[in-house]
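Here the structure is laid out as structure tokens; the discussion comes afterwards.
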Amino acid sequence: MNEEKKIAGLYIRVSTEDQAREGFSLPEQEKRLRAMCEYKGYEVYKIYKDAGISAKTGNHRPSFEELLQDIKDGKCNTIVVLKLDRLTRSVYDMEHIMKFLEENNAYLDCANDDINTTNANGKMVARLLTTVSQNEIERTSERTKIGLAGAIKVGHVPST
């Protein structure tokens, strides 16, 4: 593991569904990440919050983009998140994030998923968990489409 000083950008995010389903409020995420950083000896540079924004590919997440810029500018060198799915649920996006981190001598550390991209095994686990997360999203989408088609078939037109 690289022994340079870790300067952490804490990334916290909720979509409205996440908060309702799993109780991962922004304050709870921040509290847990600050405790982890204290335990690991990371210096906290800044908290980056995206509220009510899904991590789907293509969604504009202003705070996440600010975090990436701060890494480019050398202000911090470690993204700290509670769970990998706070960062992304897309294999495509995860590969771009990992390439970006590597190019900028930066890292990812996930509290709940025990992922640390300072080594090959950590990178592999991040890729595997992202694949599982993307599958969950795709399966939910399939079930929603089937349910919607069934409702329309029996004459229930969903309201907008």
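Bear in mind these aren't lab numbers, they're just calculated from the coordinates by the rules spelled out. It should be emphasised that the depicted structure is a prediction, and the values quoted were computed from it without experimental measurement. Neighbour counts are summed over all protein chains in view; Cβ atoms, including those assigned to glycine, are modelled from backbone coordinates with ideal geometry.
Out of every Cα-Cα pair in the range 31-90, what percent are more than 12 Å apart? Above the 12 Å cut-off, the range 31-90 has 71 percent of its Cα pairs.
When ranked by the protection proxy of mean other Cβ atoms within 10 Å per residue, highest first, what sequence do the peptides 42-53, 81-92 form? Write down the numbers at each step before the final one.
Details: 42-53: 17.5, 81-92: 21.0.
Most protected by this proxy first, the peptides run 81-92, 42-53.
What length, rounded to one decimal in nm, is gained on full extension from residue 154 through to residue 127, with 0.36 nm per residue of separation minus their alpha-carbon distance?
On the way: separation 27, 0.36 × 27 = 9.72 nm, distance 4.12 nm.
Fully extending the segment from residue 154 to residue 127 adds 5.6 nm.
Label sites at residue 100 and residue 146, each approximated as a point 7 angstrom past Cα along Cα to Cβ, lie 3.5 nm apart. Distance between the pseudo-spin-label points of residue 112 and residue 4 (7 Å out from Cα toward the beta carbon): 3.0 nm.
Proximity of backbone amide H atoms, modeled 1.01 Å from N, is registered between residue 78 and 7, 9, 107 at under 5 Å, excluding neighbours fewer than 5 places apart on the same chain. In this rough spin-label picture, where each label sits 7 Å from Cα along the Cβ direction, the residue 35-residue 120 distance is 3.5 nm.
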